[in-house]
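Here's the structure we're looking at; comments come further down.
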Amino acid sequence: MASPSSARTPENEGHRKRRGPGAIATAYLVIYNVIMTAGWLVIAVGLVRTYLSKGSHHNLYYSIERPLKFFQTGALLEIVHCAVGIVPSSVVLTAFQVLSRVFLTWAVTHSVQQVQNADSVLLFVVAWTVTEIIRYSFYTFSLLNHLPYIIKWARYTLFIVLYPMGVAGELLTIYAALPIVKHTGLYSIRLPNKYNFSFDYYTFLLLVMVSYIPLFPQLYFHMLHQRRKVLGADHKKTE
């Protein structure tokens, strides 16, 4: 599920206080976050440029398909960062959020080509793009100890709209893919077979959609709590 990645914050990425990354790890993380920020900026520019040239929001996905796949898949490195300990984050939470996006990118949007021109795809792509530009900028400036307040504010405010927007786009895209998956039997394994195992991808997608019901409110209200905690503390300092 895309929060859109907004639940991955320094405040909730492990409550235990740990030492920050060493100089080499910090330099690597800065480079990684700068590259990811630049990548999502490329996606944003591609969307705007194509929209201005076509005069329509339809089929914009095709203009940014390759960089979207590349940079969204590149987020898998965040799981590695958590696993090796250079980022004090929950491996499980980070893996869940990253893999859910990679799954939607490859196992739904890429695999079911009929949904690629749906407006719902543009909905979550725009939500992801704005969120990731802010998120990776936030991490970059935080690592450099020069975090502008506007980025911090955007990080803990824009999710109020972007999170529901991204989730709506994801759910509508999966929903649009369901009849195609059912008709084609995409990724499904039928009995009998030598492994004596069956898998129904259509049912799996339904379960994925159902999983949003408990997860969305939990992550959303957690971020609201983090917003009050972070921006509320800044407000008190200015009083």
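The values are calculated or read from the model by the stated rules, or taken from the named source; none is laboratory data. None of these values were measured; they are calculated from a predicted model. Neighbour counts are summed over all protein chains in view; Cβ atoms, including those assigned to glycine, are modelled from backbone coordinates with ideal geometry. The accessibility values were calculated without ligands, DNA or RNA, using every heavy atom of the protein model including side chains. Shrake-Rupley method; radii C 1.70, N 1.55, O 1.52, S 1.80 Å.
Some values worked out for this structure:
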| item | result |
| --- | --- |
| Subset of segment 1-44 that is of a type in the set (D, E, K, R) and either open to solvent by 30 Å² or more (accessible area, probe 1.4 Å) or over 29 Å from residue 164 (Cβ atoms) (or both) - its residue that is modelled with the highest pLDDT | 19 |
| Some residue of segment 95-102 being touching a Lys or Arg at 6+ places or on another chain (Cβ under 9 Å) and modelled with pLDDT under 95 | yes |
| Unique match (being of a type outside the set (D, E, K, R), more than 30 Å from residue 150 (Cα to Cα) and in contact with a strand residue (DSSP E or B) (Cβ under 6 Å, 6 or more places away or on another chain)) among 198, 211 | 198 |
| Hits in segment 47-60 - residues which are crowded, with 19+ Cβ neighbours inside 10 Å and part of a helix (DSSP H, G or I) | 47 |
| Filtered residue count, segment 61-82, keeping only those that are over 19 Å from residue 140 (Cα atoms) and either among the hydrophobic types (A, V, I, L, M, F, W, C) or not in a helix (DSSP H, G or I) (or both) | 3 |
| Of the criteria (1) under 16 Å from the mean Cα position of the chain (by Cα); (2) of a type in the set (Phe, Trp, Tyr); (3) within 30 Å of residue 20 (Cβ to Cβ), which one residue 212 fails | (3) |
| Search result, residues across segment 180-239 that are farther than 18 Å from residue 158 by Cβ and among the polar types (S, T, N, Q) | 184, 188, 193, 196, 198, 203, 211, 218, 238 |
| Residue that is aromatic (Phe, Trp, Tyr), surrounded by 16 or more Cβ atoms within 10 Å (Cβ to Cβ) and more than 15 Å from the chain's Cα centre (by Cα), where the choices are 141, 159 | 141 |
| Odd one out for residue 72, checked against (1) open to solvent by 10 Å² or more (accessible area, probe 1.4 Å); (2) touching a residue at least 40 places away in the same chain (Cβ under 8 Å) | (1) |
| Failed item, numbered, when residue 147 is tested on (1) open to solvent by 20 Å² or more (accessible area, probe 1.4 Å); (2) under 20 Å from residue 209 (Cα atoms) | (2) |
| Residues within segment 100-121 that are open to solvent by 30 Å² or more (accessible area, probe 1.4 Å), within 14 Å of the chain's Cα centre (by Cα) and within 21 Å of residue 165 (Cβ to Cβ), tallied | 1 |
| Of all residues making up segment 32-61, the number that are under 15 Å from residue 123 (Cα atoms) and touching a residue at least 60 places away in the same chain (Cβ under 8 Å) | 7 |
| Residue in segment 183-209 that is nearest to the chain's Cα centre (by Cα), counting only those that are aromatic (Phe, Trp, Tyr) and either under 25 Å from residue 161 (Cβ atoms) or open to solvent by 100 Å² or more (accessible area, probe 1.4 Å) (or both) | 187 |
| Residues satisfying the stated conditions in segment 75-84, i.e. more than 15 Å from the chain's Cα centre (by Cα) and either open to solvent by 50 Å² or more (accessible area, probe 1.4 Å) or under 30 Å from residue 188 (Cβ atoms) (or both) | 80, 83, 84 |
